[in-house]
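This report concerns only the one structure given below.
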Amino acid sequence: MADVGGPGAAALPGTDVKTDLQTLLELLDLEKIGDGVYRGVHPRQVGSRTFGGQLLAQALIAAGKTVEGTTRDVHAVNAHFIRGGDVKKPIDYHVSIQRDGRAFANRQVTAVQDGNELFVMLAAFQDFGKGLEHSVELPDVPYPDALPPLGDHFIGYEDRLQMFVNALKPIDMRYANDPTWIMQGTGERLTHNRVWMKADGELPDASIYHAATMAYASDTTVLDSIITTHGLSWGFDRIVAATVNHSIWFHRPFRFDEWALYATESPVAAGSRGLATGRFFSMDGLLLATVVQEGLIRHFPKKERLAT
């Protein structure tokens, strides 16, 4: 169901400390400030600009609020990133109702801050129906229980990867291959990336929260295969990266508090941009969602000076 209820992000029993997943759910608890306008805030752990996954997730929740009470679930989002967001200020999401049909609904969401458009997203909702079915196969990788948690990969790299170490981590991630910074040390090059992911705790039952949390997670690791194709790594090589556009197609109902394999690869990089594709698979091999992201990727070898 596409109903959007409150996430109820309470603190851990016996403590005032919230988990990172509870913080994410609070970020998704948007405030309605006008007709079709919803306000989102930033977490305490932020980078230099608004994380793209946060924009995707909050915009999806805002769109979902306008299809409450129907059986239509989101099946596609197509987003363009226009400006970087100020992490010290809230963001307002303006939802335009483009169509409400019998089985379909279409929305446009524009993220605005200080009168400037940061991000525009089209979202499509549909009643889930039966029809022809086929998909590609789940890659042959170890299952998540056999893989170390993300934190184990940071040991010894804390100084180089402070941005990652200090970031909000509402998603439990288990790499099925070495992450970029470890491959950089071994000289390995890899044209794909495989990471098991799920919410780091239980999500509300409403399907929109599972889609929004997957959207949040989909903006992590997706560009990795672009740089590992060239033997580069975050934290070691001077790389400027920013999302230009991001699309997700949701193929079937799922719960994102259950493991899903995010299998990504990069078919092309050219013109200072790189394209990455990703697929989310359930543990039993069902293709849940497909992702395509185009990112600005600029590499400055050490002999060159970073542009200002």
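Here, each number is a calculation from the coordinates, and none is a lab measurement. Since the structure is predicted, the reported quantities are computational estimates derived from the model, not experimental observations. FYI the Cβ positions are ideal-geometry reconstructions off the backbone, even for glycines, and counts take in every protein chain you see.
Placing +1 on the Cβ of every Lys and Arg and -1 on the Cβ of every Asp and Glu, with no other charges, gives the chain a dipole of roughly 1000 debye about its Cα centre. Note on F154 and A270: the extension gain reaches 38.7 nm, defined as 0.36 nm multiplied by sequence separation minus the Cα-Cα distance.
Dividing the C-alpha radius of gyration of the chain by 2.2 N^0.38 Å, with N its residue count, gives 0.98.
V87: net charge of surrounding residues, Cβ under 11 Å, Lys/Arg +1, Asp/Glu -1, itself excluded? Summing Lys and Arg as +1 and Asp and Glu as -1 gives +3. Can you give the angle from 0 to 90° between the axis of helix 52-65 and the longest principal axis of the chain, with both taken from C-alpha atoms, to the nearest 10? Helix 52-65 and the main axis of the chain meet at about 10 degrees. On full extension, the segment bounded by N116 and K32 gains 28.3 nm, given 0.36 nm per residue less the C-alpha separation. Across the chain, Cα pairs under 8 Å and at least six residues apart give a relative contact order of 18 percent.
Cα extents for the range 73-195 along the principal axes, largest to smallest and rounded to whole angstrom: 53, 46, 24.
Centre-to-centre, using Cα atoms only, the range 236-308 and the range 104-141 are separated by 16 Å. Dipole size of the range 48-192 about its Cα centre, with +1 on Lys/Arg Cβ and -1 on Asp/Glu Cβ: approximately 580 debye, rounded to the nearest 20. Spread over its residues, the convex hull of the C-alpha atoms of the range 157-308 is 125 Å³ per residue.
Among all stretches of the chain without exposed GluC sites (Glu not before Pro) (DSSP loop, at most 15 other Cβ atoms within 10 Å), which one is longest? Looking at the chain, 1-67 is the longest stretch - no exposed GluC sites (Glu not before Pro) with at most 15 other Cβ atoms within 10 Å. Partners of K302 within straight-line reach, counting aspartates and glutamates whose Cα lies under 17 Å from its Cα and excluding those fewer than 8 residues away in the same chain: D237. Enumerate the lysines that K89 could reach by cross-link, defined here as Cα to Cα under 27 Å, with residues fewer than 8 away along the same chain left out. By straight Cα distance, K89 reaches K18, K32, K65, K169. Relative to the longest principal axis of the Cα atoms of the chain, the long axis of helix 207-218 lies at roughly 20 degrees. Largest GNM mean-square fluctuation across D92, D35, D127, computed for the chain with C-alpha springs under 10 Å, falls on D35. The HN-Hα couplings worked out from phi for the range 87-92 by the Karplus form 6.51 cos²θ - 1.76 cosθ + 1.60 (θ = phi - 60°) are 6, 9, 10, x, 10, 9 Hz, whole numbers, x standing for Gly and Pro.
Assuming charge only on the beta carbon of Lys and Arg (+1) and of Asp and Glu (-1), the dipole of the range 119-199 about its Cα centre is about 180 debye to the nearest 20. Counting Lys and Arg as +1 and Asp and Glu as -1 over every other residue whose Cβ lies under 15 Å from the Cβ of E133, the net charge comes to 0.
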